[in-house]
Amino acid sequence: MQPLVDSWGREIKSVRVSVTDKCNFRCRYCMPAEGLEWLGREELLTFEELARVVHVLASMGVDEVRLTGGEPLARRELPKLVSLLAGIEGVADLSLTTNGVLLDRFAGPLVEAGLRRLNVSLDSLSHVRFAEITRRDALDRVLAGLEVAEGYSELRPIKVNCVAIRGFTEEEVPALAELARRKPYVVRFIEFMPLDADERWDGDDVLTGAEIRALIEERWPLVEIPAKASSTARRFRFADGAGEVGFVSPVSEPFCSSCDRIRLTADGQLRTCLFSRREWDLKTPLREGATDGDLAELIRWAIRHKELKHKINDPGFVRASRSMSQIGG
């Protein structure tokens, strides 16, 4: 089948698949403290429906699949979905993004099912500040989950993601950089984006990747590592060879021109950009008897409309139509 290429000439190789909008944290940059209504079970794509969409995408050259949420480990029997996806011809890179609070229980079953990469969200190594940002006292459980995951050599690399917020993250940088130096983790700092459910984001809240690099290099010199053109992160190793950090800077250093990603929400909507105002319904045709060919044509039509860029820095920027937990991280 012909590769999946958008109208700007970018070949689509990666899909983020959300399996649930539910989350057991309430991170301030993502969700309100309370009040969100969860999707009903019947509104979620089944594992078989998710696998079918991935199968169609894989037939068009999409070879990287990342499972997201909400919190994906809150979806019952998730290793069954991992096993289904791992068995799809063409899926070469199967990963999971998690807050880590259930990872001590699920790391083993996920590896056995075929998971090979892991991203764990962790914004602070201080119990007080962790609870402040997540509204949960669960740092010890996240660290325990990372320890268990670290024991599986199949899970490499383990990436630790920190959302960088001005006035908060500066204090976290030294401890997180030290974590990257003493553990087999790639610690990545991700610029705060306008995807908070409370819609309070302001550009002044963004602590840029360049600013964080400068903070780290006050103590440890860094050397940039070449990365593929479609990579979301700029990667750096410590000059003395002890560890690696990364910087995902969609606000200050947009990487839209090489974007090869699309997203599938838990309720079966295809999004061609994280900041899309439009979604393409795959759930209805899935449940009304569409063939794989029908789905492929619908997906191709949506990809032809993939946005050139997210426009965060443009005058009149309009926020995404849903918050991060509803879209899929």
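Here are a few things to note about the model shown:
- Subset tally (residues that are in contact with a strand residue (DSSP E or B) (Cβ under 6 Å, 6 or more places away or on another chain) and polar (S, T, N, Q)) for region 270-290: 1
- Residue match in region 35-45 (condition: within 26 Å of THR232 (Cα to Cα) and not basic (Lys, Arg)): no
- Of residues in region 14-34 being under 12 Å from THR272 (Cα atoms) and not aliphatic (A, V, I, L, M), the one surrounded by the most Cβ atoms within 10 Å (Cβ to Cβ): ARG16
- Hits in region 300-329 - residues which are modelled with pLDDT under 70 and among the aromatic types (Phe, Trp, Tyr): PHE317
- Leading residue by the ranking (farthest from LEU39 (Cα to Cα)) among those in region 249-267 that are modelled with pLDDT of 95 or more and in contact with a strand residue (DSSP E or B) (Cβ under 7 Å, 6 or more places away or on another chain): ASP260
- Residue in region 115-126 that is touching a strand residue (DSSP E or B) at 6+ places or on another chain (Cβ under 8 Å), farther than 23 Å from ARG219 by Cβ and of a type in the set (S, T, N, Q) present: yes
- From the options GLY9, GLY35, residue that is more than 13 Å from MET324 (Cα to Cα), out of contact with any Asp or Glu (no Cβ under 7 Å at 6 or more places or on another chain) and modelled with pLDDT under 95: GLY35
- Flag for GLU37 being free of Cβ contacts under 8 Å to residues at least 24 places away in the same chain, of a type outside the set (A, V, I, L, M) and either crowded, with 22+ Cβ neighbours inside 10 Å or not in a helix (DSSP H, G or I) (or both): yes
- Of the strands (runs of 3 or more DSSP E) contained entirely in region 221-329, those carrying at least 3 residues that are surrounded by fewer than 17 Cβ atoms within 10 Å (Cβ to Cβ) fall at 222-225.
Yes/no matrix, rows are residues, columns are (1) modelled with pLDDT of 95 or more; (2) over 16 Å from the mean Cα position of the chain (by Cα):
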residue	(1), (2)
PRO72	yes, no
SER95	yes, no
THR98	yes, no
VAL111	yes, yes
LEU115	yes, no
GLU132	no, yes
GLY145	yes, yes
GLY151	yes, yes
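- Among the criteria (1) free of Cβ contacts under 8 Å to residues at least 60 places away in the same chain; (2) among the hydrophobic types (A, V, I, L, M, F, W, C); (3) not in a loop (DSSP other than H, G, I, E, B), the one VAL53 does not fulfil is (1).
- A single member of ARG181, ARG213, ARG219 is closer than 27 Å to VAL111 by Cα and either at pLDDT 95 or above or not hydroxyl-bearing (Ser, Thr, Tyr) (or both), and it is ARG181.
- Residue match in region 187-195 (condition: basic (Lys, Arg) and either modelled with pLDDT of 95 or more or closer than 30 Å to GLY114 by Cβ (or both)): yes
- Flag for ASP204 being acidic (Asp, Glu), touching a strand residue (DSSP E or B) at 6+ places or on another chain (Cβ under 6 Å) and in contact (Cβ under 8 Å) with a residue 24 or more places away in the chain: no
- Residues in region 207-220 that are assigned to a helix (DSSP H, G or I) and open to solvent by less than 30 Å² (accessible area, probe 1.4 Å): 3 in all.
- Of the residues screened, GLY61 is not one that is part of a loop (DSSP other than H, G, I, E, B), modelled with pLDDT under 95 and either open to solvent by less than 30 Å² (accessible area, probe 1.4 Å) or touching a His at 6+ places or on another chain (Cβ under 7 Å) (or both).
The values are calculated or read from the model by the stated rules, or taken from the named source; none is laboratory data. Model, not experiment: these values are computed from the prediction. Every residue, glycine as well, gets a Cβ built from its backbone with ideal geometry; the counts of neighbours run over all protein chains shown. When the accessible area is computed, the model is the full protein with side chains, heavy atoms only, and any ligands, DNA or RNA have been set aside. Shrake-Rupley method; radii C 1.70, N 1.55, O 1.52, S 1.80 Å.
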